[in-house]
Amino acid sequence: MKNGALLEVRDLSLAYGDVQVLFGVSLRVDEGEIVTLLGSNGAGKTTTLRAISGLRPPRGGDITFRGESLLKVPASRRAELGIALVPEGRELWPQLTVRENLELGSYTKSARGRMKQNLERVFSTFPRLRERHAQLAGSLSGGEQQMCAIGRALMSEPRLLMLDEPSLGLAPILVDQTFQIVRTLHEQGLTVLLVEQNLQKALEIAQRGYVIETGTVKLSGSSSDLLADPAIRSAYLGL
């Protein structure tokens, strides 16, 4: 399934005004992988995803997608290339229906013509959204809102799906369901970059991981190696 690097981030630096947040972050996501970016709050995980999706301009370094640099590519064009972000907090339009939120995910030129097929695919993946299609997104439960946010991203036909803290604020049973959704999407052929504070759950479904602390990658390796690392177990799992 793997065909080399789909995404590469090299020596990425980024600042908010005078405050530098990323200090030379490097990571790679190969075609067909689930890779997880781990770390505590404020470590720089969300900023890294925002840089990849084009929402924050880096100060230095490079980001390549399928071998081409993204530095001069605007966020809208990155979506057309196949990069989709499910943001932390979901960021749905609460006063629009579930269906309207999903349809707004088909904003890329290539996806607009296949909106009906993509909508059917999302409804097949998330039957609950089919049941709730006419309901206002703001009235959904937390788990349903997460399904809607992921479904909206799928409507753009991504090659790389980036998920920012998908389990945040969800009840334990919904956390399990969310990670099962990620596993299912991966089995359907999607490459996934997952930002997550639930280290145990993330490493259970990812092939590889990067641990970021204060804007720097401190550790990287296979999921099994990271789970077995005493420093990881002590700092993040309380073991």
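The values are calculated or read from the model by the stated rules, or taken from the named source; none is laboratory data. Everything numeric here is computed off the predicted structure, so don't read it as measured data. Neighbour counts are summed over all protein chains in view; Cβ atoms, including those assigned to glycine, are modelled from backbone coordinates with ideal geometry.
Numbers at a glance
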{"read-out": "Only listed residue being hydroxyl-bearing (Ser, Thr, Tyr), farther than 30 Å from Glu131 by Cα and in contact (Cβ under 8 Å) with a residue 40 or more places away in the chain, chosen from Thr48, Thr97, Thr108", "value": "Thr48"}
{"read-out": "Top-ranked residue in the range 109-138 [being outside any helix (DSSP H, G or I) and at pLDDT below 95; ranked as surrounded by the fewest Cβ atoms within 10 Å (Cβ to Cβ)]", "value": "Gly113"}
{"read-out": "Which numbered condition Gln146 fails, given (1) without any contact (Cβ under 8 Å) to a residue 40 or more places away in the chain; (2) not assigned by TED's automatic domain parsing to the domain that holds Arg50", "value": "(1)"}
{"read-out": "Condition check for Ala51: modelled with pLDDT under 95 and over 25 Å from Gly138 (Cα atoms)", "value": "no"}
{"read-out": "Residue selected from the range 73-91 under the condition at positive phi and not basic (Lys, Arg), by the criterion modelled with the lowest pLDDT", "value": "Gly89"}
{"read-out": "Subset tally (residues that are over 16 Å from Leu37 (Cβ atoms) and in contact (Cβ under 8 Å) with a residue 60 or more places away in the chain) for the range 189-207", "value": "1"}
{"read-out": "Selection within the range 139-187 - assigned to a helix (DSSP H, G or I), hydrophobic (A, V, I, L, M, F, W, C) and either within 11 Å of the chain's Cα centre (by Cα) or closer than 21 Å to Leu37 by Cβ (or both)", "value": "Ala149, Ile150, Ala153, Leu154, Val175, Phe179, Ile181, Val182, Leu185"}
{"read-out": "Lone qualifier among Arg66, Arg77 - being closer than 23 Å to Glu31 by Cβ, in the same structural domain as Ala5 (by TED's automatic domain parsing) and touching a residue at least 24 places away in the same chain (Cβ under 8 Å)", "value": "Arg66"}
{"read-out": "Check on Leu70, at pLDDT 95 or above, of a type outside the set (Lys, Arg) and under 17 Å from Arg56 (Cα atoms)", "value": "yes"}
